[in-house]
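Enquirer: Have a look at the structure that comes next, please.
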Amino acid sequence: MATIRCCYAGSKLFNNALKPCALHKVFRTAYMSVQSDERVEMLRELLKRKKEAGPEKPTHRNTYLEWNYQAELYAFSKRLGENFVGNTLERAFTQRSYVIHQESLQKELGLDDPERSFEDNKTLAMKGEELTRNFVSRYLRTAVPCLPEEGIQHIRDHLLKEDNVANIISKIGADELILCTDFPTEVQTRVSTFFALVGAIEESSGQERGALFVRDFLVASLSGQDIQSLIMPENPLGVLTEIYSREGKEAPEPRLIVQAGVNTLIPSYRVALYSDKKYIGLGDGESVKIAVDNAALGVLWQLWGIPDGRFQFPYHLETSRVLSNSRTNVPESEWTRDRAKKNIPGAR
């Protein structure tokens, strides 16, 4: 009987102890539910205001507390594998707008003779642009010696487009190292910085190192691009006819050899070119004119040393060999196979 009484008393104490805990759990659950709803509403309001404000403006890394410009310059030079003399690298990144801004600040502070003078990258940019244009032209002439000079100029102009050059600066992580008053930096600012970098490398390590930088970053941007589309002549058959005429051969004669689906939405024609009763090329197209042009283009690509589907552009030519190449490719108006062969090293 005593055991039963003890068990009954224990159960009463246990139940009395559970009641406050259960009440606390109910109250806490209700409170957390209200708090959770308030938090969701607050997050929705913040998201709504963020959308109304629009995207955040990009901020320059120099606004961060841990920003150390000299350390960034040192790390950048090591990534490039270059050793710059003195403050040459910093000068390459200094735009004229930044110099004007700093000079105005010094005047406001009453510093008529400041200890530190600023020099922009204009001189380095001019020097680097001259080397870049010269090296790219020589590199293309060395890589494709049979291509007419007009094609060399077209490819060079494509490589030196402002958007292409500015994109290189962004990809090598130099965009935020530029000292200027505009951010994000403008395209022209990045272009002048690229040429200034080339000039700084040439001034510090010589012409070959500057040319190597141009080869590895600018010339290499041709990878994956259709070179033939950059040098497409307007009248392929006319150009081919003039070449054969200068060589004393019969003008190419197009002949329709296959046609299919003429009365459908997608007709197909195949044209072959003959000269002196010899087959010289073949082309397909959705019209006879397109097929003739494609056949003429195929022959021209073969003559100019860039055969369709088989041409591999060389990206690792030695800079010393390229810089020593002073030859100019034969212009299109004078192009013949015999004259083009003279530009090929070792050819007779």
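FYI, it's all coordinate maths here, none of it is from the lab. No experiment lies behind these values; they were computed from the predicted model shown. Positions of Cβ are generated from backbone atoms using ideal geometry, with glycine treated the same way; all protein chains shown enter the neighbour counts.
Enquirer: Once the piece of chain linking Asp182 and Ala71 is laid out straight, how much longer is it, given 0.36 nm per residue of separation minus the C-alpha distance between them?
Expert: 37.7 nm
Enquirer: So for the chain, taking the charge dipole from beta-carbon charges (+1 Lys/Arg, -1 Asp/Glu), which of Tyr98, Ser245, Gln312 sits furthest toward the positive end?
Expert: Gln312
Enquirer: So, one more: Please compute the contact order of the chain in relative form: average sequence separation of alpha-carbon pairs under 8 Å and at least six residues apart, divided by the residue count, as a percent.
Expert: The value is 18 percent.
Enquirer: Next question, about the same structure. May I ask you to give the average projected area over all directions of the convex hull of the Cα atoms of the range 177-244, in nm² rounded to one decimal?
Expert: Working: hull surface 32.2 nm².
Mean projected area for the range 177-244: 8.1 nm², to one decimal.
Enquirer: For the range 247-348, how big is Rg over Rh, using alpha carbon atoms and the Kirkwood form of Rh?
Expert: We get a ratio of 1.11 for the range 247-348.
Enquirer: Against the 2.2 N^0.38 Å scaling, with N counting residues, where does the chain land? I'd like the Cα-based Rg ratio to two decimal places.
Expert: In units of the globular-protein estimate, the chain measures up at 1.75.
Enquirer: Additional query: Multiplying the sequence separation of Thr123 and Gln302 by 0.36 nm and subtracting their Cα-Cα distance, what value in nm do you get?
Expert: Length difference between fully extended and current span is 60.1 nm.
Enquirer: If you fit an axis through the alpha-carbon atoms of helix 288-303 and take the longest principal axis of the Cα set of the chain, what angle between them do you get, 0 to 90°, nearest 10?
Expert: 80
Enquirer: Next question. Which longest run of the chain has no exposed loop site in it, a site being chymotrypsin sites (Phe, Trp or Tyr not before Pro) in a DSSP loop with at most 15 other beta carbons within 10 Å, and the site itself not part of the run?
Expert: Maximal segment without exposed cleavage sites: 68-310.
Enquirer: As I understand it, the dipole of the chain uses +1 on the Cβ of Lys and Arg and -1 on the Cβ of Asp and Glu, about the Cα centre. Which of Phe118, Val292, Pro233 lies farthest toward its positive end?
Expert: Val292
Enquirer: Just list whichever of Lys78/Lys161; Lys78/Lys127; Lys57/Lys127; Lys249/Lys341; Lys57/Lys78; Lys122/Lys161 have alpha carbons separated by over 26 Å in the model shown.
Expert: Lys78/Lys161; Lys57/Lys127; Lys57/Lys78
Enquirer: Name the shape class, rounded, prolate or oblate, that the alpha-carbon gyration tensor gives for the range 144-200, where a ≥ b ≥ c are the square roots of its eigenvalues, rounded holds for a/c under 1.5, and otherwise prolate holds if a/b is larger than b/c and oblate otherwise.
Expert: prolate
Enquirer: For the chain, find the longest principal axis of its Cα atoms and tell me its angle to the long axis of helix 236-246, 0 to 90°, nearest 10.
Expert: Around 30 degrees separate the two axes.
Enquirer: Work out the length of the dipole vector of the chain about its Cα centre, built from +1 on the beta-carbon of each Lys and Arg and -1 on the beta-carbon of each Asp and Glu, and round it to the nearest 20 debye.
Expert: Its charge dipole is roughly 1860 debye.
Enquirer: While we're on this one: Using the beta-carbon distance between Tyr274 and Arg339 and R0 = 22 Å, what value does 1/(1 + (r/R0)^6) give for FRET efficiency, to the nearest 0.05?
Expert: Efficiency, from the Cβ-Cβ distance: 0.35.
Enquirer: How long are the semi-axes of the equivalent ellipsoid of the range 204-273, taking √(5λ) for every eigenvalue λ of the Cα gyration tensor, in whole Å from largest down?
Expert: Values: eigenvalues 359, 94, 12 Å².
In descending order, the three semi-axes are 42, 22, 8 Å.
Enquirer: I'd like the antiparallel share, as a percent to the nearest 5, of DSSP beta bridges with both residues in the chain.
Expert: 95
Enquirer: How big is the dipole moment of the range 276-330 about its Cα centre under a simple scheme where the beta carbon of each Lys and Arg is +1, that of each Asp and Glu is -1, and everything else is neutral? Debye, nearest 20, please.
Expert: Details: 6 positive and 6 negative charges, 53 e Å.
In total the dipole reaches around 260 debye.
Enquirer: Another question, then. What FRET efficiency would be calculated for the residue pair Ser324, Glu234, taking the C-beta separation as r and a Förster radius of 35 Å, to the nearest 0.05?
Expert: Efficiency computed from Cβ-Cβ geometry: 0.50.
Enquirer: Okay, next question. Please determine, in degrees from 0 to 90 and to the nearest 10, the orientation of helix 187-205 with respect to the longest principal axis defined by the Cα atoms of the chain, where the helix direction is its Cα long axis.
Expert: Long axis of 187-205 versus the principal axis of the chain: about 70 degrees.
Enquirer: Same structure, new question: Before rounding to the nearest 500, sum -39500 (n - 2.57) across all DSSP H runs of length at least 4 in the chain and divide by the residue total; then give [θ] at 222 nm in deg cm²/dmol.
Expert: -18000 deg cm²/dmol
Enquirer: Moving on. Taking GluC sites (Glu not before Pro) as candidate sites, keep only those in a DSSP loop with at most 10 other Cβ atoms within 10 Å, then name the longest stretch of the chain containing none of them.
Expert: For GluC sites (Glu not before Pro) (loop position, at most 10 other Cβ atoms within 10 Å), the longest site-free span of the chain is 116-233.
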